[in-house]
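Dumping the structure here so I can ask a few things about it.
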Amino acid sequence: MVYRWRCRNCDFSTWSASNETTAEAAKSHLIKHYERNIRTEDFGVAWSCPYCETEQRGHDKEQMIQAFKDHLFGHVEPLLESGVHVADDIGRTGNILVNAPLESTGADNARIHFLAPADVCLFVTTNPKRRIELLDEELSEWPAWSIIITTKSQPMAGIDGIDFSTVPLEVVQLNKSLGLSSLGETVARVLDENESTSGKISMEIDILPEIIAKFELQDVFNFLHLFTSRSERAGALSHYYFNPETQSESTVNILDQVFDMQINANGSVFESHS
């Protein structure tokens, strides 16, 4: 079960597997809209509700702030929905940029969220071991078919406890010297082979930071424009992993133009501001 709360004052949304966690994220966001309704008095803090005539005063600032958060949320709690998916906002088909360190709890939670509903899971990654282990450990059962596309030599090395003779898995190894066109052609071929199936396709792209580091930014933009269009035509839900804190502002601005949706993945909470 996934819960979502969407602000009615701006384009902020938050998701979590926990009702309480989603509510707390909503409360933290709400109070930013109404900081002007909090005032410091001689011996404490006071707040007034923007929705009703309620006012409260007290000496403990933290308690007063929490009381204000709780009160505000009481007015908008009906906006908290259950049984949703992040990709519902784009019809479960399209391209999502996940802002998070590549190997982090937030990124792994996003991976599972986007992969779990799929029948075909496609990975373009330099860390096949971690992705295979994540599928095996976190999903109740393996997807009907999974494909790993990687430049990693010996991609299955170091993986214990999985009988690969019983797992529906294909590994496609790429030459490390491949350019963007060759990479795009390889992934397009794999999509061609799988888009005729009746199942849902989820494609995880881990190598965006490597592409940005290796190629000119304009070439990366052109590649992503074509690549995202191709995956969308295949009916795939594609999720790209990227840490904006390690990139220049110009790179972040370019990527803003490419994706249908962006989320920040922090632990168990996802947030979107667009």
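Among 114, 215, 43, which one shows the biggest mean-square fluctuation in a GNM of the chain, springs joining Cα atoms closer than 10 Å?
Highest fluctuation of the listed residues: 43.
If you don't mind, another one. What lysines sit close enough to residue 214 to cross-link, taking a C-alpha to C-alpha distance under 24 Å and skipping anything fewer than 8 places away on the same chain?
Candidates past the 8-residue exclusion: 129, 152, 176.
Can you work out the Karplus-derived ³J(HN,Hα) for every residue in segment 165-180? Use 6.51 cos²θ - 1.76 cosθ + 1.60 with θ = phi - 60°, whole Hz, and x for glycine or proline.
6, 10, 9, x, 9, 10, 10, 10, 9, 10, 6, 5, 8, 4, x, 5
Report the trypsin sites (Lys or Arg not before Pro) located in segment 3-100 that are in a DSSP loop and have at most 11 other Cβ atoms inside 10 Å of their Cβ, or state none.
8
Continuing with the same structure: In straight Cα distance, which aspartates and glutamates are under 16 Å from residue 61, not counting same-chain residues fewer than 8 positions off?
Leaving aside aspartates and glutamates fewer than 8 places away in the same chain, those within reach of residue 61 are 35, 41, 42, 70.
Continuing with this model, one more query. Mind checking which of 261, 156, 203 has the largest fluctuation in a GNM of the chain, springs on alpha carbons under 10 Å?
Maximum among the listed residues: 156.
Residue by residue through segment 124-131, what is 3J(HN,Hα) from phi via Karplus (6.51 cos²θ - 1.76 cosθ + 1.60, θ = phi - 60°)? Round to whole Hz and write x for glycine and proline.
10, 8, 9, 10, x, 4, 5, 5
Please list, in chain and number order, the residues 5+ apart from residue 18 or on another chain whose amide H is under 5 Å from its amide H, with Hs placed from the backbone.
Close amide H contacts, sequence-distant or interchain: 3.
About the Cα centre, and with charges only on the beta carbon of Lys, Arg (+1) and Asp, Glu (-1), how big is the dipole of the chain? Nearest 20 debye, please.
Taking the Cα centre of the chain as origin, the dipole is about 360 debye.
Here is a follow-up. Convert each backbone phi in segment 111-123 into a coupling constant with the Karplus relation 6.51 cos²θ - 1.76 cosθ + 1.60 (shift: θ = phi - 60°), then list the ³J(HN,Hα) values in order as whole Hz, x for Gly and Pro.
Once θ is set to phi - 60°, the couplings for segment 111-123 become 4, 4, 4, 7, 8, 4, x, 8, 8, 10, 10, 10, 10 Hz.
Among 217, 156, 80, whose Cα projects farthest towards the positive end of the dipole of the chain, with charges put on the beta-carbon of Lys, Arg (+1) and Asp, Glu (-1)?
Result: 217, furthest along the dipole toward the positive end.
Determine the distance separating the Cα centre of segment 114-190 from the Cα centre of segment 234-274; give it in Å without decimals.
22
How fast does the chain diffuse by Stokes-Einstein, in µm²/s, taking the Kirkwood radius from C-alpha pairs at 4 °C and 1.567 mPa s?
Diffusion coefficient, whole number: 63 µm²/s.
Laboratory data are not the source of any read-out in this text; all were calculated from the coordinates shown. Bear in mind the structure is a predicted one, so any value in this text is a computation, not a measurement. Reconstructed Cβ throughout: ideal geometry from the backbone, glycine too, with neighbour counts over all protein chains shown.
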